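What follows is one structure encoded as structure tokens, with my remarks underneath.
The values are calculated or read from the model by the stated rules, or taken from the named source; none is laboratory data. Computed from a predicted model, the values in this text were never measured in an experiment. Glycine also receives a Cβ, built like all others from the backbone with ideal geometry; neighbour counts cover every protein chain displayed. Side chains are part of the model used for accessible areas, which takes the heavy atoms of the whole protein and leaves out ligands, DNA and RNA. Shrake-Rupley method; radii C 1.70, N 1.55, O 1.52, S 1.80 Å.
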Amino acid sequence: MAAGLMRLPVFRKQETVSESNEKHLVVPGDVITSDTGFMRGHGTYMDEEKLTASVAGEVERVNKLICVRPLKTRFYGEVGDVVVGRITEVQQKRWKVETNSRLDSVLLLSSVNLPGGELRRRCAEDELAMRDYLQEGDLINAEVQSVFSDGALSLHTRSLKYGKLGQGVLVQVSPSLVKRQKTHFHNLPCGASIILGNNGYIWLYPTPGQQDEEAGGFHTSMEPVSLPDREVISRLRNCILALATHKVMLYDTSVLYCYESSRPHEIKDLLKPEVMEEVVMITRQRLVEQAG
Amino acid sequence: MAGLELLSDQGYRLDGRKPSELRKVQARMGVFTQADGSAYIEQGNTKALAVVYGPHEVRGSRSKALHDRAVINCQYSMATFSTAERKRRPHGDRKSSEMSLHLKQTFEAAVLTSLYPRSQIDIFVKILQSDGGNYSACVNAATLAVIDAGIPMRDYVCACSAGFVENTAVVDLCHAEESGGGTVMSLALLPRGGQVALVQMDARLHQDHLDALMEAAMTACRSLGQVLDGVVRQHLQEVSVLTAE
């Protein structure tokens, strides 16, 4: 077999920027207002009584509060967000979890469901056996329970929805591309399931069968995944990458539409820029049609 | 004068520029997807690539973490093929570590580090092709990368070099002008407020000329600031059009 096809650089398309864009865009150092009646929000600072932007992005006004939302940033957690993260450290009574946030998040031993049901008491042995439940490098999904004063997040997995993740594929995108929705867990009709973490970590896995209540989310199936399932997951992964490169918001409908419009192409071809562009264009059209 | 004639009788420099003229600047933001922020800049033949990771948990020894602000970690390196003579050590030599330190000082002055206690911000800069003004290219590229990463800054940091040749201040020196042994000043400026983030000068200069040289460098930094501003606004427009629902 010949090695990968050599590709020449292509000229970037100049995006046609319409002047009728009524968004208020600012760059660091731009004075937003010199009126002192406003409140200073994220992405701004006071410079000699003038409210000044400190990041490049879009100005958001809520009554008297002025914020600047950067286009791309690390994950700002809020209570109730669903996150996917990786254990980086096992400490006393807590795990440290990397969640694309600016400080590592904390998962306390007291905020996980241990095997044996919800009402189990925690004892010293549990503390010693923490590494048996979750060890460094394990992927988990969890919910944000609270935010500490320094911005670090405290997570919990006290529901059967959450826990350790088994076999699947992780895709990392910018957190701002994940649309906030009522639910971030979807069993897609194409035969795979998806967890859209608010932190931009997306987990693709084969749709599970019946779940065992006693396992408390620590049991992971190690049975081989069938080839069709793996193909569906790979296709979904490439679709998400295509949507992310073209900055389309990710939610169940957009992922599904992209999956369907990618059907005529081979899975590996979806990584080619021109195929990506075509698939994303069709997806965009369908989304617009659906919106009415 | 024995060596090269850096300024012709007509007042033109080696590459045909006027003393106060900058080289052509081309820049692009968001060149990598895996990094939090990245940028590429070309200033004439000097090309630099900057990548920003963070703010994230302090890696390595935890004792480095500061309880009231973020740590800025800079690493400057030059590609082995960046100079006429092939470099043996791309980073870690004395010159590079000094440059890393200067970059760190510059960005500590501009980034609002107090917003991120106990975190770390990594700035990695690489010179791909070196033709004078390495420090300024690095600072300008890193500024764009920091903005791309969405890290709050007081203002842009723009840097430019300036030298003094035959009683004239010349700005944005190329390699030939820089290696002549004359005075070279590197200046990093926050253009809106006019605060100086860093000044560095090699060789001696008469005190009477200092003001003129500083003024020339600052004017050059301001015009560079306008170019960077244009790049950022263009990038902002393009991305926000795409993400619009």
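Within the range A:97-111, can you find the residues that are among the hydrophobic types (A, V, I, L, M, F, W, C) and within 19 Å of A:Y201 (Cβ to Cβ)?
A:V97, A:L103, A:V106, A:L107
Here are some conditions: (1) within 21 Å of B:D148 (Cα to Cα); (2) of a type in the set (D, E, K, R); (3) out of contact with any helix residue (DSSP H, G or I) (no Cβ under 9 Å at 6 or more places or on another chain). B:D36 meets all but one. Which one does it not meet?
Of (1) within 21 Å of B:D148 (Cα to Cα); (2) of a type in the set (D, E, K, R); (3) out of contact with any helix residue (DSSP H, G or I) (no Cβ under 9 Å at 6 or more places or on another chain), only one is false for B:D36: (3).
Evaluate the range B:30-53: report whether one residue or more is free of Cβ contacts under 8 Å to residues at least 60 places away in the same chain, at positive phi and open to solvent by 20 Å² or more (accessible area, probe 1.4 Å).
no
Filter the range B:16-29 down to the residues that are in contact (Cβ under 8 Å) with a residue 24 or more places away in the chain and among the small types (G, A, S), then identify the one that is farthest from the other protein chains (Cβ to nearest Cβ).
Ranking the qualifying residues of the range B:16-29, first place goes to B:S20.
Taking only the range A:20-58 into account, find how many residues are basic (K, R) and touching a helix residue (DSSP H, G or I) at 6+ places or on another chain (Cβ under 7 Å).
1
Residues checked against (1) over 19 Å from A:D104 (Cα atoms); (2) in contact with a Lys or Arg (Cβ under 8 Å, 6 or more places away or on another chain); (3) within 14 Å of chain B (Cβ to nearest Cβ); (4) at pLDDT 95 or above:
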site	(1), (2), (3), (4)
A:G151	no, yes, yes, no
A:N187	yes, no, no, no
A:G217	yes, yes, no, no
A:T245	yes, no, yes, no
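Tally up the residues in the range B:104-139 that are surrounded by 24 or more Cβ atoms within 10 Å (Cβ to Cβ) and within 14 Å of chain A (Cβ to nearest Cβ), please.
Of the residues in that region, 6 qualify.
If you go through the range A:234-282, how many residues are of a type in the set (S, T, N, Q), over 20 Å from A:S174 (Cα atoms) and either in contact with a strand residue (DSSP E or B) (Cβ under 8 Å, 6 or more places away or on another chain) or assigned to a loop (DSSP other than H, G, I, E, B) (or both)?
1
Among residues belonging to the range B:56-95 that are of a type in the set (V, I, T) and closer than 13 Å to B:Q129 by Cβ, point out the one that is modelled with the lowest pLDDT.
From the range B:56-95, those of a type in the set (V, I, T) are B:58, B:71-72, B:80, B:83; that's our starting set.
This time we only want the ones that are closer than 13 Å to B:Q129 by Cβ, so: B:80, B:83.
Values: B:T80: 93, B:T83: 90.
Checked the range B:56-95; the qualifying residue modelled with the lowest pLDDT is B:T83.
Return the only residue of A:V55, A:V83, A:V59 being open to solvent by less than 40 Å² (accessible area, probe 1.4 Å), assigned to a strand (DSSP E or B) and within 12 Å of chain B (Cβ to nearest Cβ). Break it down stepwise before answering.
Details: A:V55 fails: assigned to a strand (DSSP E or B); A:V83 fails: within 12 Å of chain B (Cβ to nearest Cβ).
Criteria check complete, one pass: A:V59.
Identify, please: which residue in the range B:210-245 is of a type in the set (V, I, T), touching a residue at least 40 places away in the same chain (Cβ under 8 Å) and open to solvent by 40 Å² or more (accessible area, probe 1.4 Å) and is, among those, nearest to the other protein chains (Cβ to nearest Cβ)?
Applying the filter and picking the extreme gives B:V227.
Within the range A:245-274, which residues are open to solvent by 20 Å² or more (accessible area, probe 1.4 Å) and of a type in the set (A, V, I, L, M)?
Across the range A:245-274, the qualifying residues are A:M249, A:L256, A:I267, A:L271.
How many residues, within the range A:62-77, are buried (at least 24 other Cβ atoms within 10 Å of the Cβ) and more than 12 Å from chain B (Cβ to nearest Cβ)?
Within the range A:62-77, residues that are buried (at least 24 other Cβ atoms within 10 Å of the Cβ) and more than 12 Å from chain B (Cβ to nearest Cβ) number 1.
In the range B:170-196, how many residues are more than 16 Å from the chain's Cα centre (by Cα), buried (at least 22 other Cβ atoms within 10 Å of the Cβ) and not charged (D, E, K, R)?
1
Check the range B:64-75 and report whether any residue there is in a loop (DSSP other than H, G, I, E, B), open to solvent by 10 Å² or more (accessible area, probe 1.4 Å), touching a residue at least 60 places away in the same chain (Cβ under 8 Å) and among the charged types (D, E, K, R).
no
Condition test on A:R122, is it basic (K, R) and part of a helix (DSSP H, G or I)?
When the stated conditions are applied, A:R122 does not pass them.
Return yes or no: is B:F107 in a helix (DSSP H, G or I) and within 24 Å of A:P28 (Cα to Cα)?
It is true that B:F107 is in a helix (DSSP H, G or I) and within 24 Å of A:P28 (Cα to Cα).
Quick one: how many residues across the range A:38-52 are more than 13 Å from chain B (Cβ to nearest Cβ) and either surrounded by 13 or more Cβ atoms within 10 Å (Cβ to Cβ) or at pLDDT 90 or above (or both)?
3
Please list, ordered by first then second residue, the pairs with beta carbon atoms under 7 Å, 6 or more apart or interchain, first in the range A:158-178 and closer than 21 Å to A:G77 by Cα and open to solvent by 40 Å² or more (accessible area, probe 1.4 Å), second at pLDDT 90 or above and of a type in the set (D, E, K, R).
Final answer for the pair search is A:K164/A:D138.
Checking A:I32 against (1) within 30 Å of the chain's Cα centre (by Cα); (2) in a strand (DSSP E or B), only one condition comes out false. Which one?
In the conditions (1) within 30 Å of the chain's Cα centre (by Cα); (2) in a strand (DSSP E or B), A:I32 misses (1) alone.
Take A:L107 and decide whether it is in a strand (DSSP E or B), under 30 Å from A:E143 (Cα atoms) and either touching a Lys or Arg at 6+ places or on another chain (Cβ under 7 Å) or within 11 Å of chain B (Cβ to nearest Cβ) (or both).
yes
Just give me the residues in the range B:197-209 being more than 13 Å from the chain's Cα centre (by Cα), open to solvent by 60 Å² or more (accessible area, probe 1.4 Å) and at pLDDT 90 or above, in sequence order.
Within the range B:197-209, B:M201, B:H206, B:Q207, B:D208 qualify.
Tell me, which residue of the range A:142-157 that is over 23 Å from B:V58 (Cα atoms) and out of contact with any His (no Cβ under 9 Å at 6 or more places or on another chain) is most open to solvent (accessible area, probe 1.4 Å)?
The residue in question is A:H156.
Looking at this structure, is B:V157 within 17 Å of the chain's Cα centre (by Cα), buried (at least 24 other Cβ atoms within 10 Å of the Cβ) and within 14 Å of chain A (Cβ to nearest Cβ)?
The answer is yes for B:V157.
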